[in-house]
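Beneath this line is the structure, given in structure tokens, with notes to follow.
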Amino acid sequence: AAGNWSKYIWLHEKPYRLQILWNIHQLLTHEEYWPLVAEVWMNVENHWQYKKKLPRLFKAKSQRYQLIMTDEERTILEAHPDDTLTIYRGHQKRNKLGWSWTFSPSKAEWFAKRFTRQDEKWSVTEAQVGRSLVIAFFNRRGENELVVNPKNVRPLRVL
């Protein structure tokens, strides 16, 4: 009732926060929506459960690039010298193509190993994407994370 949407989302358990954000998105202004998308995105671990909803989530409101990233993040992405970006994703066999990528092969390896059981294989995939197809770049946690629709990624090789 008070319009504290961030608090409302954070009252829910992590796996449900993307769904809660989607449930309330029509009540939010652009200025409220995009920072919440960024916060929730960086907080949840289960993006894969929302793979059908994610394209709609990122197209729900206009002004995405001005509001989803900080000024510093936007500057870093825009300053990249190439229009085609080389990106990396750490994964197990089942999740090779997802929405989260990084500029850092070592960070991708860390993500690949993070939830991997001892007997499970992991890999790092190198890929390319056009800079204009990057939905967001987040560096608030030092991950150099690029959010990219996996349909727009061209895998090159598994490292």
Condition met for R141 (over 21 Å from M69 (Cα atoms) and either surrounded by fewer than 13 Cβ atoms within 10 Å (Cβ to Cβ) or out of contact with any strand residue (DSSP E or B) (no Cβ under 9 Å at 6 or more places or on another chain) (or both))
no
Hey, V158 of a type in the set (A, V, I, L, M) and buried (at least 18 other Cβ atoms within 10 Å of the Cβ) or not:
no
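FYI, it's all coordinate maths here, none of it is from the lab. The model shown is predicted, which means the values in this text are computed figures rather than measured ones. Reconstructed Cβ throughout: ideal geometry from the backbone, glycine too, with neighbour counts over all protein chains shown.
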